[in-house]
Amino acid sequence: MRKRNWLVVMLLVVFTLTLVAGCGQENGGEEANGDTDTGKTYPLTLTDAAGREVTLAAKPERIVSIMPSLTEILFALDAGERVVGVTTYCDYPAAAKEKEVIGDLYNLNPESILALQPDLVLVGKSETLQQTFDFLEQAGTPYFVVDPQTLDEIEESIVTVAKLIDNQAAGEALVTQLKADRLALETKVAEIPAEERAKVFVLLDTNVLYTVGEGTFLSEMITTAGGNNLASEIDDAYFQVSEEAFFELDPEVIICTFPMRDEVLARETWQDLSAIKSGKVYDVDANSVSRPGPRYVQGLELLYEVFAK
Amino acid sequence: MKTRNKYLLYTLLLSALVVSVILATAVGAVAIPPRETFQIIISRLTGLWQSSDIPATTQAIIWNLRLPRVLLGLLVGASLALAGVSFQGLLRNPLADPFTIGVSSGAAVGATIAMLLQQTYQISFTQMLPIFAFAGAFLAMFFVYNLARIGGQVPVVTLLLAGVVVSSFLSAVISLLMVFAGEDMQGIFFWLSGGLLMRSWSEIWFVLPYLLIGSIILFTYARDLNVLLMGEEAALTLGVNVERTKRVLLVTASLITAAAVSVSGMIGFVGLIIPHAVRIVTGPDHRVLLPASALVGATFLIWADVVARTVMIPKEIPVGIITAFVGAPFFIYLLRKKKSEIRL
Amino acid sequence: MRIEIQDISFTYGNHQVLEGTTFHVSSGKFVGIIGPNGSGKTTLLKVLSRILQPTAGCVRIGEQSLSELTQKELARTMAVVSQDTNVGYQFSVEDVVLMGRAPYLGRFQSESLADYEIARHALEVTGCTHLRDRSILELSGGERQRVTIARALAQQPKVLLLDEPTSHLDIGYQQEILDLVKRLSTVEGLTVVAVLHDLNLAAYFCHELVLMHQGKILACGQPTDVLTADNIEKVYATRVLVTPHPVFGTPQISLLPGTREQNKHGENHQIHVIAGGGSGGEIMRDLCDAGYKVTAGVLSVGDSDWEAARALSIPVISEAPFSSVSPERHQENLAMLETAQAVILTEIPLGHGNLLNLEAALQAAAAGKPVYMIEEKPAQNRDFTGGPGQELLTKVQQQAQSIREKTELYRALAEQFSSSGQLNDFTDVTRPAVDQ
């Protein structure tokens, strides 16, 4: 699982890069459909993250999700029983693992999706899967792109999905809760002076120094949780740095997105690094810190605790 | 080559190598003044020149990152060049290189398996990777050798054919493993491209014995390698125990290759180009060609790695890409310029 | 150094290449192994040089069995020059020759001045001194072969084995190399075994010959005993003429019309050739080659045309050496002419002793047989009778068809037999009893 996670994350970044005005249009979609009237009848037309107008003829009862974060959102909106298909990566909540698996992000089988006879497919942004999406559309199965890249967008996407599946009440409640939790955390973080914030480096691999920079969800998570992502100074998105550059950054905290703390601590050439000397190398559950779903506040809290140590 | 010229050449190449090590250690993603570089190394080696005024990070960069990396480049470059010379002589084929008989494919399979185990069992495995790669290389060599053996002999042609067949087969195995690996392919890809990044002193101690013992054996057999080039039957009548010599050279060159590949992945072209380039200057006498190629190969890989780690600061590109970019045009130049030398 | 080959057999797969080969080579002798392709010569040489292990039997060299020697000891005793002189990579000629010193050097030992001196000497002896700094890859096949011999000499061997050492050389170098090899054996006592293709060279240079046939030794010993026409016909399936070398008396092989059926269009038409003094040998050979039944007469024993006729197994009327044609022989000649369908009169040097042969030609013409008279050169030059010869010749000239060139003759004959073939078709011509 070591590289699996960051590759999933990387794929999400590709989504980000291709997303130009996704959020704006998403907001536009909301406006176009007016207020949050419950009981609003179908057909319902919403604009998705790709800027497409998607019309649902009736309330979706058979939903397929091809993103772990979307699966989490659906379950968080109490629509778990309407989910009929998920991917191999959809491991949360436990009930999601009981659902039919239709492949992974790299290997979607459009036929097995159709075989589930879904009335809505929730997808992330992907150029590689575009053919599959087109296939679905031609087969008369609507797909809807949801692709949040920031914390705010997560909340917006929850609202959008709630509207799409006619669970607005649950959506409102969830978002309100998330916002409150986040605000509480942000208040605590605001008390930390800028110079005292932990200098953090995210390690995605031990064979190659892959990390995350500016403009990534993970980087925003770190900043929000009171850390200072050093790699943000170097570049955007996901990139590889030379070991020397890594040494020069000399992070105080190293966040590993998969279990490799012992290995990092044991690296003979790294013994002079501050984070190694102080032992501040932490394995964090990649799913909670890098999955733009309803558990992001838990991820923030986890990071906050790590930085506060 | 005249003895005087020979020693002049060795002196020249050795000085070039030493200067390269120093310069290459002074260059990197982080700017460190050469004086400090020198100071750190001297201080660490002899304790004479105190370097406590230099920041610990700078010291760590020089001593823990650059120096081992430069030295590893030196060892791997020397290993690949030596193995290249040996295979070209042994197989009497100027197109041969350390990877011809499948040793590297074996290493790649070993490394891929190590990465897969890592992924599947979520265990920290980085230290085991060279050992797996080495085991793979060794098994591949063993397999090729036995496949090529007819009676008590290992004809060069069957050896080449067996090498090609086993290489192709192992490539297929790698592809299959990559399917299992799914998105972990990235790591395998990086490994296959060859590189010296994220290495440490432990890799140096891993390669060094193979290179040292291997080169002593190769130098011991240098004249036999010359005589072998007269043809195997002629070599027999000139007093060379042909089959034993081939076996010793094959195993030695393969082990040197295996060790080098295990710590650096598949760095191509060094083992192919360096022997040719050196042969232009020294002639084909292996007693000169072997040590000279080792020195040139070491220097070459050090500089190729300097390019690899500085051309896109603060990022890096695999050094195998640099050697290919330099090596392929040079090889084409050789082909066009010195057809008689290459004799295709 | 004496080499003893005892009952050597070598099997390659199911194919028995050598079968119970036994012979020996005395110290200092130059022995040639001859035989057709596939007779096992090269295999025998490879067994001798231990490149191949015999399936049975053993080779002793000096006091020791070949298999007891270490590879280096063997290389110091025996040098081998094989047919394949290809070398990988650009070694200089000197480098290659110095490799001959390899069996004398320890692993880390460099060549000493003495070794360079030996190499220099080897280059000089083989006439390669001027090639010393050239790349071996730039040399011609012949040059490379000489360099390879120089390398073998640098080994300072007591036994030298050569596999067709002159195959790439022109005649000058062939002789030079074999001269050198012979000198090494006679003067320096080197024992030489060479596989040779050219029987004449083998006969000329070797002290002894071994003739191989289908993996076995057919004959061995002195060249005169080995190179008999019978042996050669048996082994090469071709008829040859073995004559003593005009100067040294060693056997010389000359080719004869093959017994292998080829291009025969003469279909047994009898042609009588009146020749003498070497004027008819070539014509008789060509006619035999073309498949005609050739007869000849009258020829003096020992005349080169008589020799030719004998070698070609042509029925011939013979007269005693240096005697005039007797009336008896003339009558026999006429009798032989009876059955001939064409008569050829070659440019015989005319003397009083052979004028009867011209008479015979005239009679044949009178009997209506086509007479072809060769006149490539003016006739005056060969009349040594002071008149009568020329006179007779002119008479023949009037009744015969004059031929300016041999090809013209063959064309005329072919035409004669195709147009009047029916008329003259004697399919069952019985040869008169003749002197062989």
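We did not get these values from a lab; they are worked out from the coordinates using the rules stated. Model, not experiment: these values are computed from the prediction. Because the Cβ atoms are built from the backbone with ideal geometry, glycine has one as well, and the counts that use them run over all protein chains shown.
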**Item:** Inter-centroid distance (Cα atoms) of segment A:58-97 relative to segment C:87-166, Å
**Value:** 83
**Prompt:** By a straight-distance test (C-alpha under 21 Å), which lysines pair with A:K199 as possible cross-link partners, with residues fewer than eight away in the same chain excluded?
**Reply:** A:K188, A:K277, A:K280, A:K309, B:K315
**Item:** For segment B:237-245, Karplus couplings with θ = phi - 60° (6.51, -1.76, 1.60), whole Hz, Gly/Pro x
**Value:** 6, 9, x, 8, 6, 4, 5, 5, 4
**Message:** Just want the ordering: C:F417, B:F143, A:F247, C:F322, from fewest to most Cβ atoms lying within 10 Å of their own Cβ.
**Reply:** C:F322, B:F143, C:F417, A:F247
**Prompt:** Non-local amide H neighbours of C:H213 (under 5 Å, H modeled in plane, Pro and chain starts lacking H): which ones?
**Reply:** C:L218
**Cα-based reach from B:K246 at 29 Å (exclusive), listing lysines while leaving out same-chain residues under 8 positions away** = B:K2, B:K6, B:K338, B:K339, C:K41, C:K46, C:K72, C:K158
**Prompt:** For chain C, list the DSSP H helices whose alpha carbon atoms reach 15 Å or more along the long axis and whose average Kyte-Doolittle value is 1.0 or above?
**Reply:** C:355-366
**Request:** Please order C:S67, B:S79 by the number of other Cβ within 10 Å, starting at the fewest.
**Result:** C:S67, B:S79
**Message:** Run lengths n ≥ 4 of DSSP H only: what is the helix-derived mean residue ellipticity at 222 nm for chain C, with -39500 (n - 2.57) per run over all residues, to the nearest 500?
**Reply:** -10500 deg cm²/dmol
**Message:** Just to confirm a number: summing +1 for Lys and Arg and -1 for Asp and Glu over residues other than C:Q71 whose beta-carbon lies under 13 angstrom from that of C:Q71, what do you get?
**Reply:** -2
**Fill in**
Partner shielding of A:264-275, taken as the mean number of other chain Cβ atoms within 10 Å, equals 4
**Asked** Percent antiparallel among DSSP beta bridges with both residues in the protein assembly as shown, to the nearest 5?
**Response** 40
**Complete:** Highest mean packing first, using Cβ neighbours within 10 angstrom, the peptides B:104-112, B:231-239 sort as B:104-112, B:231-239
**Item:** Mean Cβ neighbour count within 10 Å, used as a protection proxy, ranking B:49-55, C:38-44 highest first
**Value:** C:38-44, B:49-55
**Fill in**
Computed ³J(HN,Hα) along segment C:89-100: with the Karplus parameters 6.51/-1.76/1.60, θ = phi - 60°, integer Hz and x for glycine or proline, the list is 6, 7, 6, 7, 4, 4, 4, 5, 5, 4, 5, x
**Asked** Amide H to amide H under 5 Å from A:V83: which residues, 5+ apart in sequence or cross-chain, H placed 1.01 Å off N in plane?
**Response** A:I63
**Prompt:** Under the definition of partner shielding as Cβ atoms of other protein chains within 10 Å of a residue Cβ, what is the mean value for peptide B:280-286?
**Reply:** 3
**Request:** Show which lysines lie in cross-link reach of A:K99 when reach means a straight Cα distance below 27 angstrom and same-chain residues fewer than eight apart are skipped.
**Result:** A:K3, A:K59, A:K125, A:K163
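Residues of C:294-303, mean number of Cβ from any other protein chain within 10 Å of their own Cβ, rounded to a whole number?
What the average comes to for C:294-303 is 0.
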**Item:** Cleavage-rule hits, GluC sites (Glu not before Pro), segment A:56-99, DSSP coil, Cβ neighbours within 10 Å at most 16
**Value:** A:E61
**Prompt:** Are there GluC sites (Glu not before Pro) in segment C:314-414 that DSSP marks as loop and that have at most 14 other Cβ atoms within 10 Å, and which are they?
**Reply:** C:E376, C:E405
**Item:** Amide H partners (placed H, <5 Å) of C:Q401, local residues excluded
**Value:** C:V371, C:Y372, C:M373
**Prompt:** Hey, what do the phi angles of segment B:200-207 turn into as Karplus ³J(HN,Hα) couplings, whole Hz, using 6.51/-1.76/1.60 and θ = phi - 60°, x for Gly and Pro?
**Reply:** 9, 4, 4, 5, 4, 5, 6, 7
